[in-house]
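Right, one structure below, let's go through it.
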Amino acid sequence: MKFEHVSVLLNECIEGLNIKPNGIYVDGTLGGAGHASVVCSLLNQDGQFIGIDQDNNALAVSRERLNSVQPKVSLVKSNFVDVKSVLEELDIEGVDGMLIDLGVSSHQLDEPSRGFSYMHDAPLDMRMNQDASYNAYELVNHMDEEDLYHIIKEYGEERWAKRVAEFIVKERLKKPIETTYELVEVIKKAIPQGARKDGPHPAKRTFQAIRIAVNRELEIIEPTINDIVEKLNTGGRLCIITFHSLEDRIVKQAFKKLEDPCTCPKNMPICVCGKKPIAKVITRKPILPSTEEVEENPRSRSAKLRIIEKI
């Protein structure tokens with residue numbers, strides 16, 4: 001099976017995980033096993049690796065690519081939000097590191113039938129988990145206009161969100177919007193021609209917003225971070241790669257709360273809430289891809305890596 005995906009910030013993630021040869025490590029977004037292959041190469045026969053992904057194709061390819069590695073490997077079809085239950089089912093109490101790449105894989109973007117891309121004509125889908133019942137078609141054709149507007153504005157940061165939502169609702173009254181190209185045409189009509197001359201493709205922000213909403217990408221980040229840090233052994237690290245400002249802001253704030261959970265007023269001379277730091281932030285500023293990496297893989301240009309360590 002062809003599954004092309006270039007791992008972003010690969011060396012930086014491996015260094016950030018601070019891998020112990022006999023440790024237990026989790027990749028919550030396994031993809032094509034790019035990061036996983038390197039992690040497994042650094043583990044000995046006493047080490048253990050758990051790969052989680054909700055994409056059937058990713059799991060099939062990764063199973064083949066990790067077939068001959070030294071450590072014990074467990075691949076699980078799930079979402080990283082369920083990491084606690086995954087570890088419990090595997091009878092694992094604590095792990096030494098975990099990686100999450102919050103981006104859409106190149107494979108998903110480049111496979112037209114998945115409906116992620118505004119560059120290919122395909123049925124509206126955008127499900128990262130092919131077994132999920134809710135997809136982009138359902139959202140575009142059944143969500144009420146006000147909710148649609150808020151999603152496009154907040155998740156897509158689209159300045160023309162109100163017009164895009166209005167045009168979508170008007171169009172679907174005539175007939176359901178069934179394909180990516182049909183949706184692109186509606187978005188182009190909604191955004192004034194002058195505003196379409198500069199900047200990214202006019203459908204980029206709306207497609208991003210719909211994908212995020214369909215897969216609940218933002219709402220699961222903070223609770224997942226808390227669950228992962230709870231499962232980390234002392235000194236264990238969590239590495240998270242984000243690709244846009246909304247994700248990065250959530251990760252940054254969640255890390256800050258774990259490092260400084262005190263809820264006392266700032267003018268209090270001493271802490272009386274009793275909440276102690278759970279982890280320390282390793283990256284005061286996010287790690288960015290090198291110029292060379294961006295040249296080799298343009299999709300990495302917006303990537304940011306943040307790392308936290310359990311104390």
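The values are calculated or read from the model by the stated rules, or taken from the named source; none is laboratory data. Because the structure is a prediction, the values reported are computed rather than measured. Note: ideal-geometry Cβ built from the backbone for every residue, glycine included; neighbour counts use all protein chains shown. Accessible surface areas use protein heavy atoms only, side chains included; no ligands, DNA or RNA. Shrake-Rupley method; radii C 1.70, N 1.55, O 1.52, S 1.80 Å.
Of note:
Each row is one residue, and each column tells you yes or no for (1) open to solvent by 10 Å² or more (accessible area, probe 1.4 Å); (2) among the hydroxyl-bearing types (Ser, Thr, Tyr); (3) at pLDDT 95 or above.
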{"position": "3", "(1), (2), (3)": "no, no, no"}
{"position": "7", "(1), (2), (3)": "yes, yes, no"}
{"position": "12", "(1), (2), (3)": "yes, no, yes"}
{"position": "20", "(1), (2), (3)": "yes, no, yes"}
{"position": "26", "(1), (2), (3)": "no, no, yes"}
{"position": "36", "(1), (2), (3)": "no, no, yes"}
{"position": "41", "(1), (2), (3)": "yes, yes, yes"}
{"position": "46", "(1), (2), (3)": "yes, no, yes"}
{"position": "50", "(1), (2), (3)": "no, no, yes"}
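- Residue 177, sole failed condition from (1) closer than 20 Å to residue 149 by Cβ; (2) open to solvent by 60 Å² or more (accessible area, probe 1.4 Å): (2)
- Selection count where residues are assigned to a strand (DSSP E or B), farther than 22 Å from residue 275 by Cβ and among the polar types (S, T, N, Q), scope the stretch 205-257: 1
- Matching strands (runs of 3 or more DSSP E) fully within the stretch 41-102 where at least 1 residues are under 20 Å from the mean Cα position of the chain (by Cα) and acidic (Asp, Glu): 48-53, 95-101
- Condition check for residue 243: open to solvent by 20 Å² or more (accessible area, probe 1.4 Å), touching a residue at least 12 places away in the same chain (Cβ under 8 Å) and among the aromatic types (Phe, Trp, Tyr): yes
- Residue match in the stretch 120-138 (condition: within 29 Å of residue 198 (Cβ to Cβ), open to solvent by 50 Å² or more (accessible area, probe 1.4 Å) and at pLDDT below 95): yes
- Within the stretch 28-78, the set of residues being touching a Pro at 6+ places or on another chain (Cβ under 7 Å) and more than 20 Å from residue 237 (Cα to Cα) comprises just one member, 45.
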